[in-house]
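First comes the structure, then the notes that go with it.
The values are calculated or read from the model by the stated rules, or taken from the named source; none is laboratory data. The structure displayed is predicted, hence computed values, not measured ones. So basically every Cβ, Gly included, is an ideal-geometry build from the backbone, and we count neighbours across all protein chains shown. Ligands, DNA and RNA are stripped out before the accessible areas are found, and what is left, the full protein with its side chains, is counted by its heavy atoms. Shrake-Rupley method; radii C 1.70, N 1.55, O 1.52, S 1.80 Å.
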Amino acid sequence: MKPILEVERVRKTFGGVVANNDITLEVPEGKIVGLIGPNGSGKTTLFNSIVGYHVIDGGSVRFDGREISELRVPRIARRGLLRTFQQTRIYGKMTCLENMLISVPQRDQTWLSILRKPPAADESKAEDLLEFVGLYAKRRLLAGELSFGQQKLLEFGMALMNEPRMLLLDEPTAGINPTLINGLMHRLRRVNEELAITLFVIEHNMSVIMSLAEYIYCLAHGELLAQGRPDEIQADQRVIDAYLGAH
Ligand code: ADP
Ligand code: MG
């Protein structure tokens, strides 16, 4: 299976802290791959390094066979690789539909002019994607009135407006009511299967990631500690120790 993302010996330091130490991993096209590890193990930093938010101190990142480690966030996004955040980034005083419309890649016009007169094609795409994430009925509501879980779904829909080939999701279930987690997982699987978007998912909820991902990487102290299928990772004593040691 051809990798869509290849991370090779990526290193990122903050002052004296080595957040990512020579991380090498790959994500095959079309799959759902997990990234786990105790708090502070370097997961978010790795996502930020991949999408061009950080300038890395060493190593390389290739997306679809092309080097991207010299590029910054907007250019990488235009190539189809996007991340969502641990904290949602929506505009609470705008409607769900407006949030979706300001998420399309910027053209010549400013976002204000998009809001005044959104291109019809964008509006219908936004409505289709709101339907896809289960928020169509709420499209005219202010985003600030949504529950936290619904805001995450909106943020997810906003990322889909960019028509990504691959999404990096940083703790998609964090803070979500447990009764809504199954629904979110169902939507993630649909995005992967029906929209053919490759997913690389940081997740602290073990039962979620074990059932969602086909393959899992585990970080500890900024290093790649283990990798394997979910059953292999669950049985890996190094992974168990890393989690126990973190508490
Ligand atoms: P995780 O997402 O696995 O919890 P992070 O990638 O957020 O871990 O953090 C890894 C390490 O890097 C931690 O020690 C954290 O304090 C440090 N770190 C992360 N981002 C920054 C930053 N912008 N400046 C300084 N240190 C950072
Ligand atoms: Mg994190």
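Observations on the structure shown:
- Residues in the stretch 13-37 that are within 19 Å of the chain's Cα centre (by Cα) and open to solvent by 20 Å² or more (accessible area, probe 1.4 Å): 6 in all.
- Members of the stretch 192-205 found to be open to solvent by 10 Å² or more (accessible area, probe 1.4 Å) and touching a strand residue (DSSP E or B) at 6+ places or on another chain (Cβ under 7 Å), listed by number: N192
- The one condition from (1) within 13 Å of ligand 1 (Cβ to nearest atom); (2) open to solvent by 70 Å² or more (accessible area, probe 1.4 Å); (3) not hydrophobic (A, V, I, L, M, F, W, C) that N48 does not meet is (2).
- Residue match in the stretch 226-240 (condition: β-branched (V, I, T), in a helix (DSSP H, G or I), closer than 19 Å to P28 by Cβ and in the same structural domain as D22 (by TED's automatic domain parsing)): yes
- Subset of the stretch 227-247 that is among the aliphatic types (A, V, I, L, M) and touching a Leu at 6+ places or on another chain (Cβ under 9 Å) - its residue that is nearest to G42 (Cα to Cα): A242
- In the stretch 126-144, of all residues being in contact (Cβ under 8 Å) with a residue 12 or more places away in the chain and open to solvent by 40 Å² or more (accessible area, probe 1.4 Å), the one that is nearest to the chain's Cα centre (by Cα) corresponds to G134.
- Among the residues of the stretch 59-85, those that are within 24 Å of A220 (Cβ to Cβ) and either more than 16 Å from ligand 1 (Cβ to nearest atom) or touching a Ser or Thr at 6+ places or on another chain (Cβ under 8 Å) (or both) comprise G59, S60, V61, S69.
- Some residue of the stretch 11-18 being of a type in the set (K, R), at pLDDT 95 or above and touching a His at 6+ places or on another chain (Cβ under 6 Å): yes
- Residues located in the stretch 164-194, provided they are assigned to a loop (DSSP other than H, G, I, E, B), away from ligand 1 (no atom under 16 Å from the Cβ) and either in contact (Cβ under 8 Å) with a residue 40 or more places away in the chain or not assigned by TED's automatic domain parsing to the domain that holds V239 (or both): P164, R165
- Residues of the stretch 76-96 that are modelled with pLDDT of 90 or more and open to solvent by 80 Å² or more (accessible area, probe 1.4 Å): Y91, K93.
Yes/no per residue for (1) surrounded by 15 or more Cβ atoms within 10 Å (Cβ to Cβ); (2) modelled with pLDDT of 90 or more; (3) under 23 Å from R79 (Cα atoms):
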{"position": "F148", "(1), (2), (3)": "no, no, no"}
{"position": "K152", "(1), (2), (3)": "yes, no, no"}
{"position": "T179", "(1), (2), (3)": "no, no, no"}
{"position": "H186", "(1), (2), (3)": "no, yes, no"}
{"position": "R190", "(1), (2), (3)": "no, yes, yes"}
{"position": "S207", "(1), (2), (3)": "no, yes, no"}
{"position": "L225", "(1), (2), (3)": "yes, yes, no"}
{"position": "D231", "(1), (2), (3)": "no, yes, no"}
